[in-house]
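I have placed the structure first, in the form of structure tokens, so that the comments after it can refer back to it.
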Amino acid sequence: MKSRADSLRSIAGQSFDVCVIGGGATGSGCALDSQLRGFRTVQLEAGDYASATSSTSTKMAHGGVRYLEEAIRGFDPKEYAVLRRALHERIHMLRNAPFLTTTKQFITPCFRRIDIPYFEIGLKLYDWIAGRDALAPSRYLSRDETLRLMPTLAADRLVGSVAYTDGQFDDARYNITLVKTFAAAGGESLNYARVVAFEKSPDGKLQAAEVEDQLEHSRFTIRARAFVNATGPYADTVRQMAMPAALPRMRLSKGIHILLPLEVLSSEDALLVPKTEDGRVLFAIPWHGRLLVGTTDDEAKLTDELFVKKEEVAYVLRQLNKYLARPAKASQIVSGTAGLRPLVSSGKSAETKRLARDHEVELDRTSGLISIMGGKWTTHRAMAEDTLDAVQKYLGDAGSRCSTLSHPLLGSDGYAPEYWQSLATRYALTEPTAHHLAEKYGACAPDVMKLTEADSDLARPLLEGLAPVRAEVVFGAREELALTIEDVLARRIGLQLYGWRDAICAAPAVADLLARELGWPDTARQQAIADYVAKIQGLIEKAGI
Ligand SMILES: Cc1cc2nc3c(=O)[nH]c(=O)nc-3n(C[C@H](O)[C@H](O)[C@H](O)COP(=O)(O)OP(=O)(O)OC[C@H]3O[C@@H](n4cnc5c(N)ncnc54)[C@H](O)[C@@H]3O)c2cc1C
């Protein structure tokens, strides 16, 4: 990608066909689709890419077994269609970025014999709805086989299990890779650029956006023929910026995850807790050397502070521990995430956990703002397709048709499952580092390692004993618009998720490299470290770990 200064030069004061507001999954999907249809497109993100909901998901490319039960019980054809479409999208998400995705077997333990046929029928239905898009057939596992695959389960109560397969993906990296693919297709993108106001033409249509550079605190204007509001939980804020009388449509629901050492489950497979005390499902999923456990579903407001609370930790552990022989403890938690689901409501007051994860494209005929609301990560591509169909209609342009269904993301061409081995040989890497680079950058990993030719110190680990290397920080700053320590550790490299305390230890080395790349004076470097460490220590304290 271009440097920030170059991007600013190509964006500020310029005119575009389409301006996409938002740099999460939805906005990045829309920007890519728009650019590939031939529209001159700009994407603006108020913070860092994926810094809101899109890096706090359960990281499942799925239809959602949870919604399956609701579709059946409620006998609701709409929910069934949402599920079907998500299962179809799951396949394309896996195919378009094989290095960022994988399939995972989920085990549903049964403590009562009667539960076995119940889950077997339900999961067969999940297979059946997926049809040709099914990843692997669900199957019954005996008690012994279940314990062989997941030895830490509560063996005394276990009678057997039902296993099924779903998709898993690296949400933050998928998001960054969507943005890079968009930029490679000729799109213009800027993070830390917030849309703060619109200008309208005499007929009331949006014609320009006023943008505040969050780093320089300066303002500039961009003009566009169409504006797409893809701001997830913030959708109402942007809608009301364009149409002050608009009634709110978003219903937000907070969900948290905790990360534990992988030994808590000692399995390559994931655990599905089929019924929590509030009637939901909960997952414990192996994730890059850790166990990702969640999530919760609590009605929330945009103004709520987003962090993992002690009570939420207690809730998640309580649900998980019912299934384990040896209970996991809060002191074992290494990190966590908290995010807001951007659910769109029809106006009726359903509980957030009952709202369908469907999406809606809204065209405001007065201002011309096109808002895409709701949905989920798995359907980001389909959401973008529906949005850009609406944009095309609004602009009255013939344009080309959507081509994202089979558009490989950057790093996919030339990638194969054994790709890490060639990296290990070519660059004399340890196995964990080769895996890490292959799974974060795919076939672009050599571009990261090329940086070590000019400076061999960049081949050193960022933190002794862990997989990420220093070159990734430089690559993040030069090629992926990483501008802060958190941009690097949370969303480019993933170390913040691996462990909050590891991230604190890595912060000075990241700051040194960023200071060199971005020209920070020493005071700025020190301040960046102090701010980052204080933030992460705050998260540790609030989670009570
Ligand atoms: C706990 C949890 C678990 C989930 N698990 C899954 C899962 O396993 N699988 C799945 O498919 N889905 C899952 N989801 C849903 C999925 O994560 C979301 O649907 C998706 O990430 C939403 O993406 P988005 O781009 O719409 O929103 P966001 O990621 O929130 O992005 C919106 C962006 O808009 C930016 N923005 C806001 N205002 C402005 C402005 N004025 N100018 C410029 N930019 C602005 C924000 O900074 C933000 O980055 C989960 C959600 C949660 C909360």
Please work out which residue is modelled with the lowest pLDDT, limiting yourself to region 305-352 and to residues that are within 16 Å of the ligand (Cβ to nearest atom) and small (Gly, Ala, Ser).
-> Ser345
Restricted to region 355-387 and to residues being in a helix (DSSP H, G or I) and of a type in the set (A, V, I, L, M, F, W, C), the residue nearest to the ligand (Cβ to nearest atom) is Trp377
Identify the single condition in (1) surrounded by 18 or more Cβ atoms within 10 Å (Cβ to Cβ); (2) within 16 Å of the ligand (Cβ to nearest atom) that Leu302 does not satisfy, given that it satisfies every other one.
-> (1)
Could you tell me whether region 32-45 includes any residue that is more than 16 Å from Ala382 (Cα to Cα), at pLDDT 95 or above, within 16 Å of the ligand (Cβ to nearest atom) and of a type in the set (A, V, I, L, M)?
-> yes
Selection within region 379-406 - within 19 Å of Thr231 (Cβ to Cβ) and either buried (at least 24 other Cβ atoms within 10 Å of the Cβ) or within 19 Å of the chain's Cα centre (by Cα) (or both) | Thr379, His380, Arg381, Ala382, Met383, Ala384, Glu385, Thr387, Leu388, Val391
Kindly check whether there is at least one residue in region 500-520 that is over 24 Å from Ser335 (Cβ atoms) and aromatic (Phe, Trp, Tyr).
-> yes
Inside region 192-242, can you point out the residues that are without any contact (Cβ under 8 Å) to a residue 24 or more places away in the chain, out of contact with any Phe, Trp or Tyr (no Cβ under 9 Å at 6 or more places or on another chain) and polar (S, T, N, Q)?
-> Ser201, Ser218, Gln240
Tell me which of these Asp17 doesn't satisfy, since it passes every other one: (1) under 18 Å from Arg219 (Cα atoms); (2) of a type outside the set (A, V, I, L, M, F, W, C); (3) surrounded by fewer than 22 Cβ atoms within 10 Å (Cβ to Cβ).
-> (1)
Among Ile485, Ile493, the single one that is among the β-branched types (Val, Ile, Thr), farther than 18 Å from Arg4 by Cα, surrounded by 19 or more Cβ atoms within 10 Å (Cβ to Cβ) and touching a residue at least 12 places away in the same chain (Cβ under 8 Å) is Ile493
Of all the helices (runs of 4 or more DSSP H) wholly in region 74-177, which have at least 3 residues that are of a type in the set (Val, Ile, Thr)?
-> 115-130
Selection within region 217-259 - of a type in the set (Val, Ile, Thr), within 9 Å of the ligand (Cβ to nearest atom) and within 19 Å of the chain's Cα centre (by Cα) = Thr231, Ile256
Considering residues of region 450-493 that are part of a helix (DSSP H, G or I) and among the β-branched types (Val, Ile, Thr) only, the residue farthest from Glu45 (Cα to Cα) = Thr452
If we ask which residues in region 277-296 are farther than 24 Å from Arg139 by Cβ and more than 14 Å from the ligand (Cβ to nearest atom), their number turns out to be 6
Somewhere in region 135-149, is a residue touching a residue at least 60 places away in the same chain (Cβ under 8 Å) and under 21 Å from the mean Cα position of the chain (by Cα)?
-> no
Could you check, for region 53-67, whether at least one of its residues is more than 10 Å from the ligand (Cβ to nearest atom), over 22 Å from the mean Cα position of the chain (by Cα) and of a type outside the set (A, V, I, L, M, F, W, C)?
-> no
Restricting attention to region 176-199, and to residues there that are touching a strand residue (DSSP E or B) at 6+ places or on another chain (Cβ under 6 Å) and exposed (fewer than 15 other Cβ atoms within 10 Å of the Cβ), which single residue is farthest from Ala224 (Cα to Cα)?
-> Val196
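The values are calculated or read from the model by the stated rules, or taken from the named source; none is laboratory data. Given the structure is predicted, the values throughout are model-derived calculations rather than measurements. Reconstructed Cβ throughout: ideal geometry from the backbone, glycine too, with neighbour counts over all protein chains shown.
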